[in-house]
1. Build a GNM of the chain with springs between Cα atoms under 10 Å: which of 74, 57, 97 gets the top mean-square fluctuation?
2. Within 10 Å of each candidate Cβ there may be at most 16 other Cβ atoms; applying that plus a DSSP loop requirement, which trypsin sites (Lys or Arg not before Pro) in the stretch 21-95 survive?
3. How many Å² of accessible area per residue for the chain, probe 1.4 Å?
4. Looking at the chain as a GNM with Cα springs under 10 Å, which of 101, 29, 63 has the largest mean-square fluctuation?
5. Can you give me the % of accessible surface on the chain that is carbon or sulfur? Probe 1.4 Å, all protein chains present, nothing else counted.
6. Size of the dipole of the chain about the Cα centre, Lys and Arg at +1 and Asp and Glu at -1 on the beta carbon, nothing else charged, in debye to 20?
7. For the chain, what is the relative contact order in percent, using Cα pairs closer than 8 Å and at least 6 residues apart in sequence?
8. Taking Rh as the Kirkwood radius computed over C-alpha pairs, what is the Stokes-Einstein D of the chain at 37 °C in a medium of viscosity 0.692 mPa s, expressed in µm² per second?
Amino acid sequence: QVQLVESGGGLVQAGGSLRLSCAASGNIVGIRAMGWYRQAPGKQRELVATITSGGSANYADSVKGRFTISRDNARNTVYLQMNSMKPEDTAVYYCNAVQFVNNYWGQGTQVTVSS
């Protein structure tokens, strides 16, 4: 089992920045990708960004150029730096880890962007 603990959410004004962190623990051998997803009220959960163990990153079009995902393999931690934030970025952000054929999720952290 993999446990994921997120931190760093909160309230920010439009144009501001936040940094999310997600630390993985437990049986972490074989985690090949980690990432962030988000779910706004009344909407489906959507991909924000993912990064492989080799460092290849993938972003949703809506966050390209504003968000940066990074990974510290030594600390088993993935980060999401969010800049130039918009009200439409408001959502619960979930950390995800893919290990072999299993998906693991964190508990979610609320991000609210005020206009």
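1. 74
2. Taking the stretch 21-95 and a limit of 16 other Cβ atoms within 10 Å, the loop trypsin sites (Lys or Arg not before Pro) found are 43, 45, 64, 66, 75.
3. For the chain, the per-residue accessible area is 52 Å².
4. Comparing 101, 29, 63 in a Gaussian network model of the chain, the most mobile one is 101.
5. Taking all protein chains in place, the chain shows 48 percent carbon and sulfur surface.
6. The calculated dipole for the chain is roughly 80 debye.
7. Over the chain, the number comes to 37 percent.
8. Answer from the Stokes-Einstein relation: 234 µm²/s.
The values are calculated or read from the model by the stated rules, or taken from the named source; none is laboratory data. Just so you know, these numbers come straight off a predicted model, no measurement behind them. Note that each Cβ is placed from the backbone with ideal geometry, even for glycine, and that neighbours are counted across all protein chains shown. These area figures cover heavy atoms from the full protein model, side chains too; ligands, DNA and RNA do not enter into them. Shrake-Rupley method; radii C 1.70, N 1.55, O 1.52, S 1.80 Å.
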